[in-house]
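Visitor: There's a structure below that I have some questions on.
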Amino acid sequence: MRSSGQAPGRLMATSDLHVAYPENRRIVADMRPQSDDDWLIVAGDVGEITEDFTWALTLLRERFDTVIWAPGNHELWTPPSDPVQLRGEERYRHLVDICRGLGVLTPQDPYPVWDGPGGPVTVAPLFVLYDYSFRTPTAMTKEQALTQAYEAGVVCTDEMLLHPDPYPSREAWCHARLVETERRLAERDPELPTVLVNHFPLVRDPTRVLYHPEFAQWCGTEQTAKWHVRFDAKVVVYGHLHIPRTTWHDGVRFEEVSVGYPREHRQRGMPRGVLRQILPAVTAS
């Protein structure tokens with residue numbers, strides 16, 4: 001419970017911590033709540049190595065009342081340097097087991113309800129991948145889209161390190177996750193609005209500012225384009241793009257909450273901080 005004089009709890013979010021970088025590791029080490037009642041959403045890409053992933057979530061869970069994690073693509077990689085060589089679905093389930101041991105909520109757990117300021121809302125961490133449908137206008141197929149990316153030299157490392165086992169492809173894994181996630185969302189309490197949390201943007205519009213449009217194919221799926229409307233989202237939280245900002249789609253606030261790589265925040269700084277306040281909504285001054 002909050003002590004006398006302490007600020008009320010907030011629902012905060014961050015993503016793309018990439019703690020393999022010493023600068024980012026120090027950023028995470030300095031992350032602290034304002035209140036004992038603060039919750040923290042971590043929208044993926046904590047790190048590639050299982051030990052780093054565990055270190056970061058252990059620290060954050062010790063400090064925040066509740067921590068909610070949605071996987072990014074980097075956690076799903078199987079890098080040769082990681083002693084844990086699990087692949088695909090098996091790797092994802094291993095990360096879920098680590099989270100459960102720490103008391104961190106995942107897409108496999110019942111959705112929690114934030115009852116603090118700005119609530120009540122159902123906070124729904126999602127695991128939805130991509131299916132190469134965010135293609136350029138001149139790419140009619142996945143094969144054409146990949147050819148363009150290789151020619152432009154902007155191929156996502158997922159093509160080498162994110163294995164879809166036991167599914168035949170990453171898009172097949174994505175489609176399986178779409179079915180499972182839609183079922184879960186349909187079963188939530190329909191009386192409560194939601195905060196939808198996914199590593200990849202649920203709509204395509206945020207990817208249109210990418211310097212290399214060929215990269216968008218690794219950034220989501222057209223199948224989630226109306227989920228923020230269908231599932232009564234109050235806010236959508238995502239990362240992956242390393243372009244932290246607020247946008248609005250169909251009257252719904254979308255928050256890109258990534259920290260990003262050291263070279264990025266050295267250039268632009270982090271004027272909005274490393275933790276983004278999701279609820280209560282911050283009134284623009």
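The values are calculated or read from the model by the stated rules, or taken from the named source; none is laboratory data. What you see is a predicted model; the values in this text were computed from it and never measured. Ideal geometry is used to build each Cβ from the backbone, glycine not excepted, and the neighbour counts take in all protein chains shown. Surface areas here come from the heavy atoms of the whole protein model, side chains and all, with no ligands, DNA or RNA. Shrake-Rupley method; radii C 1.70, N 1.55, O 1.52, S 1.80 Å.
Visitor: Only one of these is under 25 Å from residue 159 (Cα atoms), among the polar types (S, T, N, Q) and out of contact with any strand residue (DSSP E or B) (no Cβ under 6 Å at 6 or more places or on another chain): 54, 58. Name it. Reasoning before the result, please.
Guide: Working: 58 fails: under 25 Å from residue 159 (Cα atoms).
Every option except 54 fails the conditions.
Visitor: Let me ask another. For region 117-141, which positions are within 25 Å of residue 172 (Cβ to Cβ), open to solvent by 50 Å² or more (accessible area, probe 1.4 Å) and in contact (Cβ under 8 Å) with a residue 24 or more places away in the chain?
Guide: Matches in region 117-141: 135 only.
Visitor: Follow-up. So, in region 50-88, how many residues would count as being in contact with a Phe, Trp or Tyr (Cβ under 9 Å, 6 or more places away or on another chain) and part of a loop (DSSP other than H, G, I, E, B)?
Guide: 7
Visitor: Continuing with this model, one more query. Considering only region 14-37, state which residues are assigned to a loop (DSSP other than H, G, I, E, B), over 19 Å from residue 70 (Cα atoms) and open to solvent by 30 Å² or more (accessible area, probe 1.4 Å). Even if it seems obvious, please write down each step before you answer.
Guide: From region 14-37, those assigned to a loop (DSSP other than H, G, I, E, B) are 16-21, 30-37; that's our starting set.
Filter once more, so that each one left must be over 19 Å from residue 70 (Cα atoms): 21, 30, 32-37.
Within region 14-37, 21, 30, 32, 33, 34, 36, 37 qualify.
Visitor: Give the residues of region 57-116 that are of a type in the set (Asp, Glu) and open to solvent by less than 50 Å² (accessible area, probe 1.4 Å), sorted by residue number.
Guide: The answer is 75, 82, 89, 109.
Visitor: Can you name the residue in region 211-229 that is part of a helix (DSSP H, G or I) and of a type in the set (Phe, Trp, Tyr) and is also most open to solvent (accessible area, probe 1.4 Å) among such residues?
Guide: It comes out as 215.
Visitor: Go through region 237-278 and give me each residue that's outside any strand (DSSP E or B), among the β-branched types (Val, Ile, Thr) and within 22 Å of residue 128 (Cβ to Cβ).
Guide: Listed by number, the residues that qualify are 243, 257, 259.
Visitor: Turning to a different aspect of this structure: Can you give me the number of residues within region 160-201 that are in a loop (DSSP other than H, G, I, E, B) and within 18 Å of residue 111 (Cα to Cα)?
Guide: Quick first cut of region 160-201, residues in a loop (DSSP other than H, G, I, E, B) only: 162-169, 187-193, 198-201.
Now drop any that are not within 18 Å of residue 111 (Cα to Cα), which leaves 187-193, 198-199.
Total satisfying the criteria: 9.
Visitor: Looking at (1) part of a helix (DSSP H, G or I); (2) surrounded by 14 or more Cβ atoms within 10 Å (Cβ to Cβ); (3) of a type outside the set (Asp, Glu), which one does residue 208 not meet, given that it meets all the others?
Guide: (2)
Visitor: Are there any pairs with C-beta distances below 9 angstrom linking a residue in region 38-59 that is closer than 25 Å to residue 121 by Cα to a residue that is among the polar types (S, T, N, Q) and in a loop (DSSP other than H, G, I, E, B), with the two at least 6 apart or on different chains, and if so which?
Guide: Every condition considered, the pairs that remain are 43/198; 44/73; 44/198; 45/73.
Visitor: When the residues of region 142-200 are narrowed to those that are of a type in the set (Lys, Arg) and under 30 Å from residue 251 (Cβ atoms), which ends up least open to solvent (accessible area, probe 1.4 Å)?
Guide: Top of the filtered list is 177.
Visitor: Can I ask one more? If I ask for residues that are over 22 Å from residue 216 (Cβ atoms) and open to solvent by less than 20 Å² (accessible area, probe 1.4 Å), which ones from region 234-264 would you list? If you could, list the steps in order and put the result at the bottom.
Guide: Of region 234-264, the ones over 22 Å from residue 216 (Cβ atoms) are 234-235, 251, 262.
Answer for region 234-264, where residues must be over 22 Å from residue 216 (Cβ atoms) and open to solvent by less than 20 Å² (accessible area, probe 1.4 Å): 235, 262.
Visitor: Just to check your reading of the model, which residue among 192, 196 is modelled with pLDDT of 95 or more and in contact with a Phe, Trp or Tyr (Cβ under 7 Å, 6 or more places away or on another chain)? Spell out how you get there, then give the answer.
Guide: Details: 192 fails: in contact with a Phe, Trp or Tyr (Cβ under 7 Å, 6 or more places away or on another chain).
Answer to the selection: 196.
Visitor: Looking at residue 101, is it within 30 Å of residue 231 (Cα to Cα) and in contact (Cβ under 8 Å) with a residue 40 or more places away in the chain?
Guide: no
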